[in-house]
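Contents: one structure, followed by commentary.
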Amino acid sequence: MKNVCKLFFAAVLGFTMLAAVLPASARPPKTEDELIADLSSPKDKTVVNALQDLEKSYPNSPKSVPEIKKLLTDTRPTVKRKAARVLGTVNADVSDTDLKNIATLLTGDRNEKEDGLKALRGLKAKSTIPQIIPLLKDPDKNVLRDAIRTLAVQGDKSLIPTIKPLMDFPDLAVQKDAADAISILKEK
């Protein structure tokens with residue numbers, strides 16, 4: 001009987017340890033309600049993971065999109081950036097207030113600017129063009145390239161003279177993005 005108890009205890013311990021080390025993908029996915037609840041977590045990583053899972057599993061959900069929009073005013077930069085990116089990726093319908101909250105990213109650090117620009121590309125955000133144009137002078141070439149790409153999506157032919165000087169920029173990737181943007185804008 002002692003051996004049976006030891007064997008049983010060892011099996012339970014083994015299964016417990018195995019469950020603890022199983023990758024998240026082997027666990028059952030969280031429900032939308034569980035992910036929405038995670039958006040209230042004080043842990044940045046928990047919120048960012050929930051946003052990512054909502055983007056993949058519940059894009060444009062009438063339950064999750066309003067909760068994601070609330071995070072556009074979060075004081076944690078990583079949370080705010082990810083919320084903006086998710087809304088842009090799912091092409092969410094956003095208000096002027098939401099756009100203003102996303103546009104605040106354009107005055108932040110490099111990562112905030114890039115995420116703000118990428119988010120705006122997926123939204124109806126023509127009203128943010130005046131905040132994007134100054135980024136055509138940003139010293140970071142990646143921010144500059146994202147600004148060009150975003151203006152190509154949001155803008156019209158009137159922006160061609162603003163982008164055209166970048167055809168002579170020293171970096172070939174910037175020149176290519178400027179040429180592509182001008183080509184796209186000519187078609188509008």
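Read-outs throughout are calculated quantities, based only on the coordinates presented, and are distinct from any laboratory measurement. Keep in mind that what you see is a predicted model, and the values were worked out from it rather than measured. With ideal geometry, Cβ positions are generated from the backbone for all residues, glycine too; neighbour counts draw on all protein chains shown.
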query: How large is the charge dipole for the chain, taken about the Cα centre, if only the Cβ atoms of Lys, Arg (+1) and Asp, Glu (-1) carry charge, to the nearest 20 debye?
result: 300 debye
statement: Simple SL model, points at 7 angstrom along Cα→Cβ for Asn91 and Asp168; separation in nm is 3.8 nm
field: Helix 110-121 vs. the chain, principal-axis angle (Cα, 0 to 90°, nearest 10)
entry: 80 degrees
- request: Show me 178-185, 140-147, 77-84 ranked by packing, highest mean number of other Cβ atoms within 10 Å first.
  value: 77-84, 140-147, 178-185
message: Between 0 and 90 degrees, rounded to the nearest ten: what's the tilt of helix 172-186 against the longest Cα principal axis of the chain?
response: 70 degrees
Flagged links, alpha-carbon separation over 29 Å, of Lys45/Lys69; Lys43/Lys176; Lys70/Lys126; Lys45/Lys70; Lys113/Lys176: Lys43/Lys176
For segment 60-69, Karplus couplings with θ = phi - 60° (6.51, -1.76, 1.60), whole Hz, Gly/Pro x: 6, 5, x, 8, 8, 4, x, 6, 5, 4
statement: Which of [x] 18.8; [y] 27.7; [z] 17.2 gives Kirkwood radius over Cα pairs in Å as computed here? It is [x]
field: 16 Å Cα-Cα reach of Lys56 towards lysines, excluding residues that sit fewer than 8 places from it in its own chain
entry: Lys30, Lys82
task: For segment 77-92, take each phi angle, set θ = phi - 60°, evaluate the Karplus expression 6.51 cos²θ - 1.76 cosθ + 1.60, and give the result in whole Hz per residue in order, putting x for glycine and proline.
output: x, 5, 5, 4, 4, 5, 4, 4, 4, 5, 4, x, 5, 8, 6, 5
